[in-house]
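Reviewing the structure listed below.
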Amino acid sequence: QQQVKQSPQSLIVQKGGISIINCAYENTAFDYFPWYQQFPGKGPALLIAIRPDVSEKKEGRFTISFNKSAKQFSLHIMDSQPGDSATYFCAASGSGGSNYKLTFGKGTLLTVNP
Amino acid sequence: DAGVTQSPTHLIKTRGQQVTLRCSPKSGHDTVSWYQQALGQGPQFIFQYYEEEERQRGNFPDRFSGHQFPNYSSELNVNALLLGDSALYLCASSLVGRRRSGNTIYFGEGSWLTVV
């Protein structure tokens, strides 16, 4: 059972454009939603994270939008750059006993053309 | 400040063999989790160690076992290796606290295991 569904599987954007990646979750116990960036041959690096008590969080060119009622959240990359080309994973975790256990989406391969 | 460090970075094993992977958590962190990432997939949670005990376990067989040492470092052991065990094994560290969920989880660069 895939608890976090991510789309699209791949995305091609022109330099300066907006990249949008979407995720949907099923488990209502999830209350922490991070996004990770992974370059080939490297481990995932935390990009930005949100909790469901806010609907949006912005850090530089990266913004998370969160819709609790729809159980969906998305990553927006403004002014996309070739250096942003990587695989992006959304993830979710709960509290209490399931804290610190991340459930990942399948990833989105982003290519930003110069 | 050293991040999460893993060793070895790459290794090749034969079916049926056993492998041990090692992880040192980020300075100040006391919790270590292990994830398996198959090619083209997202990481899958294997198990988590805190206070030298396995606290949570994902959907992995008993061939996967681990250990945490008093200095918080950890080992992942996989016995009777199968071809399907070929993957990137990631160690993640965090700090247990009384805050709400979402303590930042940091990943190492991983250990690439190829089973032939």
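The values are calculated or read from the model by the stated rules, or taken from the named source; none is laboratory data. Please read these numbers as outputs of a predicted model, since none were measured by experiment. Neighbour counts run over all protein chains shown; Cβ positions are idealised from the backbone, glycine included. Surface accessibility is based on the protein's heavy atoms, side chains included, excluding ligands, DNA and RNA. Shrake-Rupley method; radii C 1.70, N 1.55, O 1.52, S 1.80 Å.
Considering only protein heavy atoms and a 1.4 Å probe, what is the carbon-and-sulfur percentage of the accessible area of the protein assembly as shown?
Numbers: 5410 of 11020 Å².
Result for the protein assembly as shown: 49 percent of the exposed heavy-atom area is carbon or sulfur.
Show me you know the interface measure: the accessible area buried between B and A, both chains summed, probe 1.4 Å, in Å² to the nearest 100. List each step's numbers first, then the result.
Details: alone 6730 and 6320 Å², together 11020 Å².
Summed over both sides, the interface buries about 2000 Å².
Cα-based Rg (one decimal) and Dmax (whole number) for chain B, in Å?
Cα only, chain B: 13.6, 44 Å (Rg, Dmax).
Along the principal axes of its C-alpha atoms, what lengths does chain A span, in descending order and rounded to whole Å?
For chain A, the Cα spread along each principal axis is 44, 29, 21 Å.
Using the reciprocal of the averaged 1/r over all distinct C-alpha pairs, how large is the Kirkwood radius of the protein assembly as shown in Å? Write out the running numbers ahead of the final one.
On the way: mean 1/r = 0.0553 Å⁻¹.
For the protein assembly as shown, inverting the mean 1/r across all distinct Cα pairs yields 18.1 Å.
Ignoring ligands, DNA and RNA, what accessible area per residue does chain A give at 1.4 Å, in Å²? Intermediate results must be reported in sequence, preceding the final value.
Working: 5310 Å² over 114 residues.
Accessible area per residue, chain A: 47 Å².
Of B:ASN79, B:SER27, B:LEU39, whose Cα points farthest to the positive end of the dipole of chain B (charges on the beta-carbon: +1 Lys, Arg; -1 Asp, Glu; origin at the Cα centre)?
Farthest towards the positive pole: B:LEU39.
With every protein chain present, what accessible area does B:TYR35 have (1.4 Å probe, heavy atoms only), rounded to the nearest 10 Å²?
We get 0 Å² for B:TYR35.
Lysines within cross-link reach of A:LYS101: Cα-Cα under 23 Å, excluding same-chain residues under 8 positions apart?
A:LYS5, A:LYS42, A:LYS57, A:LYS68, A:LYS71, B:LYS26
What is the distance in Å between the Cα centroid of segment B:1-60 and that of segment A:8-78?
24 Å
What does the highest-first list of B:37-46, A:61-70 look like by mean Cβ count within 10 Å? List each step's numbers first, then the result.
On the way: B:37-46: 18.1, A:61-70: 14.6.
In descending order of packing, they fall as B:37-46, A:61-70.
Where a Cα-Cα gap under 14 Å defines reach, which aspartates and glutamates qualify for A:LYS15, not counting those fewer than 8 residues away within the same chain?
The qualifying aspartates and glutamates are A:ASP79, A:ASP84.
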